[in-house]
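Taking it in order: structure first as structure tokens, then the write-up.
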Amino acid sequence: MPTPLSTLRCLVVDDDPLSVQIVINCINNTPFLTAVGSYDSAMAAAEVLRTQPVDLLFLDVEMPLMSGLDLLSTLQNPPLVILITSSKHYAVEAFEHDVVDYLVKPISYARFLKAAQKALELSETAAASTATILAPTSTDPDFTFVKVDTKLVKVLFNDVCYVEALGDYVHIVMPHSKLIVYSTMKAVEEKFPSSVFVRAHRSFIVNLKRVQAIEDNTITIENKQIPIGQTYVRDVLQRLNKF
């Protein structure tokens, strides 16, 4: 097993208390994993996944009101996922969601560890590869480089109008061009300067310098109507008032 670069933050979602406890015990006995919480419904977990950093999700398939697979279909940038279920019948559908592994109850620690190691290897491979979005240096704070296919492309922050999340990619939109980059919105938020860029919606980060108008919780930039998410309204308005 490779030496972990970091600990994977794990969230457990299962409506069976015994199953939750078994998974938590397995996590606690695995040095490169740490549990950050557990929930008995997919709906409660959905809110947490929108607001807290999670690296690995242990997710039960069969839950009332919203199944684990239903939850996955709502996530734009899901973490690594290991599905847990009492039935093998979901295997094909599960892997259509590009999950790391599929554990059938009752779960043994040996099988759990194999799945967890697979998640660790995927995480470390992603971290070790060339970063999709590179942090600006202190001497050159006005730009960054993004990886488009096999090429690193220089992006001037002032040229960016907004960033839009679409599946596993982000679109960096400029007045006369657009770059499609394999990345997450979280990575963009971390690397683009917060003095200029603000998250306006789960799927949009906007350049405050490019905002032309705001009306009815909608931002206009270059004739693009960008919705302001309910949880972001206050921050966006405060940032614009200070800008």
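The values are calculated or read from the model by the stated rules, or taken from the named source; none is laboratory data. The shown structure was predicted, so the numbers you read here are calculated from the model rather than taken from an experiment. When we count neighbours, we look across all protein chains shown, and the Cβ atoms used for this are built from the backbone with ideal geometry, even at glycine.
Do you know which residues across the range 47-106 are acidic (Asp, Glu), over 20 Å from the mean Cα position of the chain (by Cα) and either at pLDDT 80 or above or closer than 24 Å to residue 185 by Cα (or both)? Within the range 47-106, just 62 meets the criteria. Taking helices (runs of 4 or more DSSP H) as the structural unit, those lying wholly within the range 1-85 and holding at least 3 residues that are within 27 Å of residue 166 (Cα to Cα) correspond to 42-51, 68-74.
For the range 233-241, the condition holds for no residue, the condition being that it is in contact with a Phe, Trp or Tyr (Cβ under 7 Å, 6 or more places away or on another chain) and either crowded, with 18+ Cβ neighbours inside 10 Å or more than 23 Å from residue 53 (Cα to Cα) (or both). Listed by first and then second residue, the pairs with beta-carbon distance under 6 Å, at least 6 apart or on different chains, first residue in the range 15-37 and within 13 Å of residue 106 (Cβ to Cβ), second surrounded by 20 or more Cβ atoms within 10 Å (Cβ to Cβ) and modelled with pLDDT of 95 or more, are 23/12; 23/58; 26/112.
Just give me the residues in the range 182-228 being among the small types (Gly, Ala, Ser) and more than 18 Å from residue 170 (Cα to Cα), in sequence order. Explain how you work it out, then say what you get.
So the first thing to find is which residues in the range 182-228 are among the small types (Gly, Ala, Ser), and the list is 183, 187, 194-195, 200, 203, 213.
195, 213, listed by residue number.
Tallying residues that are at pLDDT 90 or above, in a loop (DSSP other than H, G, I, E, B) and among the charged types (D, E, K, R) within the range 185-214 yields 0.
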